[in-house]
1. Kindly indicate whether Asp71 is open to solvent by less than 100 Å² (accessible area, probe 1.4 Å), over 26 Å from Cys17 (Cα atoms) and at pLDDT 65 or above.
2. Among (1) among the basic types (Lys, Arg); (2) modelled with pLDDT of 80 or more; (3) assigned to a helix (DSSP H, G or I), which single condition is Arg4 missing?
3. Show the residue pairs that are 6+ apart or on different chains and have beta-carbon atoms under 6 Å apart, the first residue being within the stretch 9-31 and free of Cβ contacts under 8 Å to residues at least 24 places away in the same chain and over 15 Å from Gly42 (Cα atoms), the second being of a type in the set (A, V, I, L, M, F, W, C) and open to solvent by 60 Å² or more (accessible area, probe 1.4 Å).
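The values are calculated or read from the model by the stated rules, or taken from the named source; none is laboratory data. This one's a predicted model, so the numbers in the text were calculated from it and none came from an experiment. When we count neighbours, we look across all protein chains shown, and the Cβ atoms used for this are built from the backbone with ideal geometry, even at glycine. With ligands, DNA and RNA removed, areas are computed over all heavy atoms of the protein, side chains included. Shrake-Rupley method; radii C 1.70, N 1.55, O 1.52, S 1.80 Å.
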Amino acid sequence: MADRMIPRRAAPWIAVCAVAFAVIGATRVYLGVHWPLDVLGGWLLAAAWLLLGSALLRTPGRPEPEEAPTDRSATSM
């Protein structure tokens, strides 16, 4: 089930983006541009938008996308 939620090729990019967001937020606090709760609030707001968007994309009754064939010999040329 986890394979259907996050494609294998997307997992490294999700990790890279998460680290980048954490570093950017920490530097905003370090530079004195934002308070720590401002950054935490921004992270929580972004997480809420991501959860809302993913919930709307996975509505009941909506057909799942077709899987692409993995065996190249099965496709005709």
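1. In short, yes.
2. (2)
3. From residues that are free of Cβ contacts under 8 Å to residues at least 24 places away in the same chain and over 15 Å from Gly42 (Cα atoms), there are no pairs.
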